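To keep things clear, I will list the structure first and then write my remarks on it.
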Amino acid sequence: MSTNEKDTKNRAVKKPQDGNHEGDSQTGNTTTGVEHLSSNRQIRLLGAFYVVTAFLLFYLLFKAWPPSPWPTDEQGKNMAAVITFFARYESLKFDVHTSLDERLLFLVIVAGALGSYIHAATSFADYVGNRKMASSWLWWYILRPFIGVALALVFYFVVRAGFLTGGAGDVNPYGVATLGALAGMFSKQATDKLEEVFTTIFRPAPGKGDAKRGDKLVGPTVSGMLPREGPAAGGTEVVVSGNGFVDKPSVTFGGESATSVTFVNATTIKAVTPTHNPETVDVVVTNPDGQEGSPKERFTYLGEPGTGAATDVNTGAAAGETAVTGEGGDEDFIDGCDVEFKTDTADEDLPITEGGVE
């Protein structure tokens with residue numbers, strides 16, 4: 001082995017932060033960290049695997065393609081058709097009898113494998129060409145065609161169940177092959193579309209499903225709120241963002257319930273702050289099932305703390321009924337206290353006691 005080959009085999013590389021291809025979040029070679037490059041032997045074996053796989057898939061595609069017209073009996077009913085594999089080699093030759101539905105499934109399997117093969121082989125060639133093929137991703141490249149087959153089958157079942165209501169004879173094999181190949185090639189987009197279809201069909205009503213179960217393990221997640229401060233008198237509308245909100249939530253600011261809560265959607269709610277002493281408090285969002293969530297930020301009530309001194313009101317109407325206000329903390333005033341108004345007394349008339357004025 002040459003010195004250059006030894007260096008290539010043993011050298012460790014740092015993975016690039018961003019991938020170069022669609023779906024490279026799956027193909028590997030995009031995660032951070034130090035990974036060992038594949039050896040020349042590993043690359044040659046995997047390359048040979050892809051070359052053989054290509055010829056095998058092309059052969060199976062020709063065998064899977066249904067004949068036109070499909071053979072029928074005297075009554076016009078579809079008959080089973082025969083696929084003969086390796087007809088030129090007696091030791092390997094064997095026959096498979098399939099109905100039209102089974103033939104279409106076979107076509108989806110081959111097309112899905114072919115689509116995922118294109119994706120994986122392109123990624124493999126690019127990374128080997130750039131000398132960034134990591135050994136930790138070898139199994140992904142081997143399993144990728146089989147993953148494409150499974151995904152293509154699921155996608156085909158969904159489409160046949162929802163959009164194609166006729167029998168197998170009404171299905172265009174070109175459409176079936178295209179569907180399977182694209183599902184295998186663009187696996188991420190196909191998976192996202194399946195998730196969208198499932199979520200749309202089986203979406204529970206607000207407050208139902210997981211939100212209604214008392215044993216739900218995951219509560220609402222609060223990622224932030226704006227604004228994060230407001231007057232102590234309350235009345236500030238705060239927009240709370242996050243995930244997992246359901247209809248009719250409750251919001252508290254420092255233990256005090258918001259005067260108004262509006263559920264916008266699963267990621268946004270609006271709450272109006274109640275009155276509170278000037279301080280920084282926690283904000284808690286509670287779903288109807290009792291699950292809670294709080295943002296990392298806290299809400300700050302603005303205002304000067306009370307001093308307990310009465311407002312300076314020196315004059316008023318002789319008939320009375322002059323409003324006099326005072327401010328103070330919880331320890332200064334209590335409910336039911338009395339207010340007494342006294343006339344000014346000259347200092348010299350005040351009684352003198354030991355230590356000062358009484």
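Where a number appears in this text, it was derived from the coordinates with a stated rule and is not lab data. Fair warning: this is a prediction, and the values are worked out from it, not measured in the lab. Because the Cβ atoms are built from the backbone with ideal geometry, glycine has one as well, and the counts that use them run over all protein chains shown.
Rounded to the nearest 0.05, what FRET efficiency do residue 289 and residue 102 have when you use their Cβ-Cβ distance and R0 = 51 Å? In this case the efficiency is close to 0.60. Going by neighbour counts of Cβ atoms within 10 Å, the residues 196, 256, 74 line up, fewest first, as 74, 196, 256. Cβ crowding within 10 Å, taken as a proxy for footprinting-reagent exposure, orders 36, 97, 276 from fewest neighbours to most as 97, 36, 276. Taking the alpha carbon gyration tensor of segment 221-302, multiplying each eigenvalue by 5 and rooting it gives semi-axes of 19, 12, 11 Å, largest first. Taking every alpha-carbon pair under 8 Å whose residues sit at least 6 apart, segment 221-302 reaches a relative contact order of 36 percent. Among the listed pairs 132/193; 270/296; 63/93, those whose Cα-Cα separation exceeds 20 Å are 132/193. In whole angstrom, segment 69-183 maps to an equivalent ellipsoid with semi-axes of 34, 20, 10, each derived as √(5λ) from the alpha carbon gyration tensor and ordered largest first.
Put in line by how crowded their Cβ is, counting other Cβ atoms within 10 Å and starting with the fewest, 268, 199 read 199, 268.
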